[in-house]
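Working notes, structure below.
The values are calculated or read from the model by the stated rules, or taken from the named source; none is laboratory data. All values reported here derive from a predicted model rather than from experimental measurement. Virtual Cβ from ideal backbone geometry, glycine too; neighbours counted across all protein chains shown. Protein only, heavy atoms only, side chains kept; ligands, DNA and RNA dropped before computing areas. Shrake-Rupley method; radii C 1.70, N 1.55, O 1.52, S 1.80 Å.
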Amino acid sequence: MFRLILVEDEPRILRHLKEKISTLRPDFKVIGAYNNGEDALVEFHWTQPQAILTDIRMPVMDGLELLTKVRVQFPDIPCAILSGYDDFAYLREAIKLGVTDYLLKPATDEAIIDILDKIKEKLLKNMTLLEYEAAKQIVQASDSVDLIPSEWIHSTKELFFHGNYVLVYAWSPTGDLPLDTKQLQTMLRLEEKEKLVSLPSGAGNEVILLFGLHGWSEARCIEWNRVFKENVELSEGVSVALALSLKGMQPIPQLLAECKKQTRIKSRFNRGTFFWIDDSAEEVVNLISDSLQSVLVRLAQFVSKQQKQLFHRELDSLFIGTTLVPLPDNRRDWELLLLHASHLLHTMCKDSFTSKFDLKRTMETELKDEVWKLKKSTDLLAHIKEIWGTYFFRSEQEQASQRNWANEAQQYIQNHFREYISLTSVAEVFQLNPAYLNRIFKRTYQISIPDYLIKLRMEEACRFIQMYPFVLIKEIAEQVGYTDPFYFSKVFKQYTGSSPSNYRNLPN
């Protein structure tokens, strides 16, 4: 299946072409139909077409400007143009852009078939695009390893033909990844015709690399360990998993799925880690030693007696290490430890503290969020104090003030969401710590401030599109507080499941 976008400002011609292409050449799929070049360009990173068929003369952005911009990033993508008999001057400019295929209007069935066959021929020769498509299939197969389609291996075997592969998966909770692909390629000393391919990822905090190798040896393994140790271990919070396949491509999706799982489990605070995936069973460790259990009991006693200073002092001692209690060195174990501690505190304190919201579940969610987004375990201490500090509200009046902060923040966001605001700027208005305000807001409304802000903006964008269906995407973005129409389009599609252009055509 080849993905094609159509750009034509006459709706009748656009509909006709879309129907004819699906009928005459079913192996082509029209994944986007636009009435100007700007809309097509805004959604290009979403549609990711393999070919373009565009009119020349259009409002807002014409076909030549669209092709000029597309060629900058995708110089090999096949492009064909729609033109009338009086467009010779434009055709000459298109030829300068490397466009040699054109379709005269009105287009006959034979002409449409001819242009599609030419595009298909170019696509089959364009190994870069096909390789990207195959790489996407590998990643998609890893997301559903129990339902891997049998045909995926056949579609990749001509492009991925090495006998040995090393898969490298890097993940960071903050998105700060130290892997420089070109530098790695040099340091690992790939031999002639050995290959490095970057696999596409939908997340900004992960990198997936696939090395196709002629051979593997113990000496080479030692060299790779040295290179990755130098690149990873000094990087806070980064986890890198390596997996070796001596059986070609077949095991890669399963290995990638396991890499994703293990990087989360072995992610550490304060420093990076890299490791090789193997089949050894995961060791089960009892995290709650007798000494740690004693610390947790003392914390619960301080809460029941409302001794906040002693409670904080005990936490400080635990984190600094003066209590001589061993603490976890990876995030997964930290999560388990804090959830156990939270459960114990709530169990011992539930008779002395009442709340109108589900305190236990809320605090557990907040603890897990902090474990997986912070770089350093020392940063975790302040957030734990804030979360468990809820136990020290002595009166309903203090709790009421929390709800007022959330209510005031909600009113402020509703009045200013069309402006460029964020969690940080909202917190500054109330002179509160952003994480603290967000926590209070989420407890009250069961949604975080960033998510609430997106919700308001997307609802307003939908309403605005319905009222003004012909408005430009850039104007819609500005109407709801976004300066970047590309980013707005991405968020809109994530929220609604439809691009702004397609949303216009949905029934009300």
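Here are some notes:
- Surface composition of segment 369-488: carbon and sulfur atoms hold 51% of the protein heavy-atom accessible area at a 1.4 Å probe.
- Taking a straight line from the alpha carbon of residue 305, these lysines sit under 23 Å away, with near neighbours fewer than eight places off in the same chain left out: 350, 356, 360, 385.
- For peptides 424-434, 327-337, sequence by mean Cβ density within 10 Å, most packed first: 327-337, 424-434
- Centroid-to-centroid separation of segment 17-90 and segment 407-477 [C-alpha atoms, Å]: 35
- Solvent exposure of segment 439-508, expressed per residue, is 52 Å² of accessible area, with all protein chains present and a 1.4 angstrom probe.
- Cα-Cα over 26 Å, subset of 118/493; 195/266; 29/490; 182/229; 261/455: 118/493; 195/266; 261/455
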